[in-house]
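Below you'll find the structure, written out as structure tokens, and then a few comments.
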Amino acid sequence: MKKVLGVFLGLIALLIAGSVALLMAPSPSGGSASDPVSSLVSDVKNNAANAAIDASGIKSNVQDALAANSEAIANATGLSTAQVEEAVASLNIDSWKASSLPAEASPTGSFGGTYGGVEASVTTYDNPGYVTVEAYGQRITLTVPESAQQYLPLLGSLQ
């Protein structure tokens, strides 16, 4: 089932590759989360990353790949295909957005895989509204819609 996780992580890695240059922009030195300049730079970077991600069509590709692998995911997780299809629909990946991770968020788990020679990992937090994906040596934090939050732990079972 590493292949299914690999497809998911590989597609998200492509999402990151599309916005790597935007994320490489340094934050103002010495800035803090409450610093208006740092906040502005963060907002600009997130908006630019979201525009690049949306233009790439990668979100639809991830959603389609997960839907196409519903049976394999069901076999890996022990869920029925109908439950997996419901979970994939509820992930609503089209509404995931690049964002800044709240300072108080603590990691609760991390899992990874390789697809097409690209290693990627996903980190979940005690605040289920956020995940961080790392690939190509870059990290991007995404806000996760409420409909998807209950299904995030299932991603770890695909390893």
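Once fully extended, how much extra length lies between Thr108 and Ala82, figured as 0.36 nm per residue of separation less the alpha-carbon to alpha-carbon distance?
That works out to 6.6 nm of additional length.
Largest first, how would Lys45, Lys59 line up by accessible area (1.4 Å probe)?
Details: Lys45 40, Lys59 15 Å².
Listed by decreasing accessible area, they come as Lys45, Lys59.
Kindly report, to the nearest 10 Å², the accessible surface of Leu101 as traced by a 1.4 Å probe over protein heavy atoms only.
About 60 Å², ignoring ligands and nucleic acids.
Can you figure out the FRET efficiency of Asn47 with Glu146, using R₀ = 22 Å and their beta-carbon distance, to the nearest 0.05?
FRET efficiency, Asn47 to Glu146: 0.50.
On the accessible surface of segment 105-146, probed at 1.4 Å, how many percent belong to carbon and sulfur atoms? Working shown, then result.
Details: 860 of 1980 Å².
Answer for segment 105-146: carbon and sulfur cover 43 percent of the accessible area.
So for segment 65-145, averaging the separation of alpha carbon pairs under 8 Å that are six or more residues apart and normalising by length, what relative contact order in percent results?
Relative contact order for segment 65-145 comes out at 24 percent.
Looking at segment 47-146, what % of the alpha carbon pairs are farther apart than 24 Å?
The proportion of pairs with Cα distances above 24 Å equals 25 percent.
The values are calculated or read from the model by the stated rules, or taken from the named source; none is laboratory data. Worth saying up front: this structure is predicted, and the values here are computed from it rather than measured. Reconstructed Cβ throughout: ideal geometry from the backbone, glycine too, with neighbour counts over all protein chains shown. The protein model used for the area step is the full one, side chains on, heavy atoms only, and it has no ligands, DNA or RNA in it. Shrake-Rupley method; radii C 1.70, N 1.55, O 1.52, S 1.80 Å.
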